[in-house]
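Each remark here refers to the structure printed beneath this line.
The values are calculated or read from the model by the stated rules, or taken from the named source; none is laboratory data. Please read these numbers as outputs of a predicted model, since none were measured by experiment. Glycine gets a Cβ as well: all are built from the backbone with ideal geometry, and neighbour counts include every protein chain shown.
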Amino acid sequence: MSRKKQLKSRQSSDSSRNKNISRTWREPRQVDHYWSFYKKGLYVTKRTSGLPAWLLPLLVMILIITLVFWAAPMIVARMQAGWKLGQDAKQTTLPTQYSDETAVVLKPVADVFDKPDIKADRLTQVLFNEPVQLLQGADMPGFRAVRLHDGLNGYMMADDLTMERTSVEPATFIYKAVVVNGSKRVMSHARQGALIVEVMMGTELYIDYRGAGVSRVALPGGTSGWISDDGVVILPADGELQQPHDLRQAFCNTALSFLQVTYMENGQTIRGISPAGITRLSAQVNGLQVPRTLSGLEKAGKPVPFMISKTEGLPDLTTLLPGDLMIIADSMIQKEAAGLAIYLGEGQMIFARPEQTTIRLMNLAENKDIWQRILVVRRLFP
């Protein structure tokens, strides 16, 4: 190539390079061109919410309270319902314990008479939600012939009973509550409800939901109510009360809670009770079933020798133990059981004379007319 052509090519290349440089390079602009607000004294600061500092802890506390008292019980209820649905899916027809011949007691306590007459002798009393068997062909107007679970027959007022048995069928519930205090209030709501009914010691109520210290219980007639956990023992629906380690002492402690309660012949509650009723209830709430009548208790347990000291002419208390039952005759002549005393130890007994209106604590040795009429002593506990 000639020197003239090389020079021309080099000039062309330099010209092209200069064009590219002029296309990509510009003189830098001042910062003020982009940040005009700089000269106006404007600054960017961190934005604040404007909320008070105590609001967030308050919201957290409200959330915790909601979870504990509303969400958690609802979750438990749904879990229990899901469990029941699962059980129902496995078993379409739940087993029933009672037949169509069974009625349920509607009143807190109801009398059982020996005849279909309101003025007849009271044989015993039955408690709220207690099932009884109806006897066919023996009814009278306003009365139903019944048989209690321990085999005692009698008559009850028809208005004291309902044929709705849902509240006593264990298979439809998870838990049950046994009242161990003198009485227990059933309310319309879990918190600050109205009183529906006040049930007595020994009453059993089945539970379909348990919350924080409260339980929803089924009531005879198809309704429901709420009870707190105090004064009751919660058990599985088919469970039974366990006997305490010192059954004898527990029995005596429960019996003492009936002191000064109104005496009522064959009564079974704190509204009116007999020594036989005290014996049955004090045994029942401590896991021991005994007869409810004096004639039944006369054969309960085992006999214990009762002797009179020849030297002092007083009862020999060394043969007695707390909890022993003393069956007492009506008089020195008539040797038929007419009363019962519960021995508590150290010469003390629970008794009610016919002329007394309340249950009393008495000294056995100081009441000669009583220990002279003792027919037999029965011991319920080994």
Inset, instruction - Say whether the condition of being in a helix (DSSP H, G or I), free of Cβ contacts under 8 Å to residues at least 60 places away in the same chain and farther than 26 Å from Leu152 by Cβ is met by at least one residue in the stretch 297-318. - result: yes
Inset, instruction - Check the stretch 247-255 and report whether any residue there is exposed (fewer than 15 other Cβ atoms within 10 Å of the Cβ), among the aliphatic types (A, V, I, L, M) and not assigned by TED's automatic domain parsing to the domain that holds Asn153. - result: no
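Okay, residues lined up against (1) modelled with pLDDT under 95; (2) of a type in the set (A, V, I, L, M, F, W, C):
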site	(1), (2)
Leu219	no, yes
Thr262	no, no
Gln284	no, no
Ser295	yes, no
Inset, instruction - State which residue is nearest to Asn253 (Cα to Cα) when the search covers only the stretch 329-347 and only residues that are outside any strand (DSSP E or B) and in contact (Cβ under 8 Å) with a residue 40 or more places away in the chain. - result: Asp330
Inset, instruction - Could you list, in sequence order, all residues of the stretch 269-293 that are in contact with a strand residue (DSSP E or B) (Cβ under 6 Å, 6 or more places away or on another chain) and assigned to a helix (DSSP H, G or I)? - result: Pro275, Ala276, Gly277
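Residue by residue, here is whether (1) on the phi > 0 side of the Ramachandran plot; (2) at pLDDT below 60; (3) among the aliphatic types (A, V, I, L, M); (4) over 29 Å from the mean Cα position of the chain (by Cα) holds:
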residue	(1), (2), (3), (4)
Phe37	no, yes, no, yes
Lys46	no, yes, no, yes
Tyr98	no, no, no, no
Pro116	no, no, no, yes
Val126	no, no, yes, no
Val132	no, no, yes, no
Inset, instruction - State whether the residues of the stretch 173-188 include one that is part of a loop (DSSP other than H, G, I, E, B), β-branched (Val, Ile, Thr), out of contact with any Lys or Arg (no Cβ under 7 Å at 6 or more places or on another chain) and not assigned by TED's automatic domain parsing to the domain that holds Ser228. - result: no
Legend entry - Scan of the stretch 360-382 for residues that are under 17 Å from Pro322 (Cβ atoms) and in contact (Cβ under 8 Å) with a residue 24 or more places away in the chain, ordered by number: Leu361, Leu364, Ala365, Trp371, Ile374, Val377, Arg378, Arg379, Leu380, Phe381
Inset, instruction - Please determine, by comparing only the residues of the stretch 100-116 that are in contact with an Asp or Glu (Cβ under 7 Å, 6 or more places away or on another chain) and outside any strand (DSSP E or B), which one is farthest from Pro131 (Cα to Cα). - result: Asp114
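Considering each residue of the stretch 178-192, count those that are farther than 15 Å from Pro108 by Cβ and surrounded by 14 or more Cβ atoms within 10 Å (Cβ to Cβ), and give that number. If you could, list the steps in order and put the result at the bottom.
Going residue by residue through the stretch 178-192, those that are farther than 15 Å from Pro108 by Cβ are 178, 180, 188-192.
Applying the additional criterion that residues be surrounded by 14 or more Cβ atoms within 10 Å (Cβ to Cβ) yields 178, 180, 190.
Here the count works out to 3.
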Inset, instruction - Could you tell me which numbered condition Ala338 fails, if it satisfies all but one of (1) within 40 Å of the chain's Cα centre (by Cα); (2) modelled with pLDDT of 90 or more; (3) within 21 Å of Ser295 (Cβ to Cβ)? - result: (2)
Inset, instruction - Just name the residue that is nearest to Leu380 (Cα to Cα) out of those in the stretch 296-305 that are out of contact with any strand residue (DSSP E or B) (no Cβ under 7 Å at 6 or more places or on another chain) and surrounded by fewer than 16 Cβ atoms within 10 Å (Cβ to Cβ). - result: Lys299
Inset, instruction - Please indicate, with yes or no, whether at least one residue in the stretch 282-300 is more than 19 Å from Leu344 (Cβ to Cβ), in contact with an Asp or Glu (Cβ under 9 Å, 6 or more places away or on another chain) and β-branched (Val, Ile, Thr). - result: yes
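Out of all the residues in the stretch 189-208, is one or more assigned to a strand (DSSP E or B) and among the polar types (S, T, N, Q)?
Of the residues in the stretch 189-208, the ones assigned to a strand (DSSP E or B) are 195-200, 204-208.
Filter once more, keeping what is among the polar types (S, T, N, Q): none.
Checking the stretch 189-208: not a single residue is assigned to a strand (DSSP E or B) and among the polar types (S, T, N, Q).
Restricting attention to the stretch 149-170, report how many residues are closer than 23 Å to Gly222 by Cβ and touching a residue at least 40 places away in the same chain (Cβ under 8 Å). Before the answer, list the steps.
As a first pass, look at the stretch 149-170 and keep what is closer than 23 Å to Gly222 by Cβ: 149, 156-170.
Keeping just the survivors that are touching a residue at least 40 places away in the same chain (Cβ under 8 Å) gives 156-157, 159-170.
Selection size over the stretch 149-170: 14.
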Legend entry - When residues of the stretch 237-273 are limited to those that are of a type in the set (S, T, N, Q) and in contact with a Ser or Thr (Cβ under 9 Å, 6 or more places away or on another chain), the one farthest from Thr357 (Cα to Cα): Asn253
Legend entry - Conditions (1) in contact (Cβ under 8 Å) with a residue 40 or more places away in the chain; (2) crowded, with 18+ Cβ neighbours inside 10 Å; (3) farther than 26 Å from Ile227 by Cβ: number failed by Phe128: (3)
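Look through Ile370, Ile350 and report the one residue that is modelled with pLDDT of 90 or more, in a helix (DSSP H, G or I) and buried (at least 20 other Cβ atoms within 10 Å of the Cβ).
Numbers: Ile350 fails: in a helix (DSSP H, G or I).
Result: Ile370 is the single residue among Ile370, Ile350 that is modelled with pLDDT of 90 or more, in a helix (DSSP H, G or I) and buried (at least 20 other Cβ atoms within 10 Å of the Cβ).
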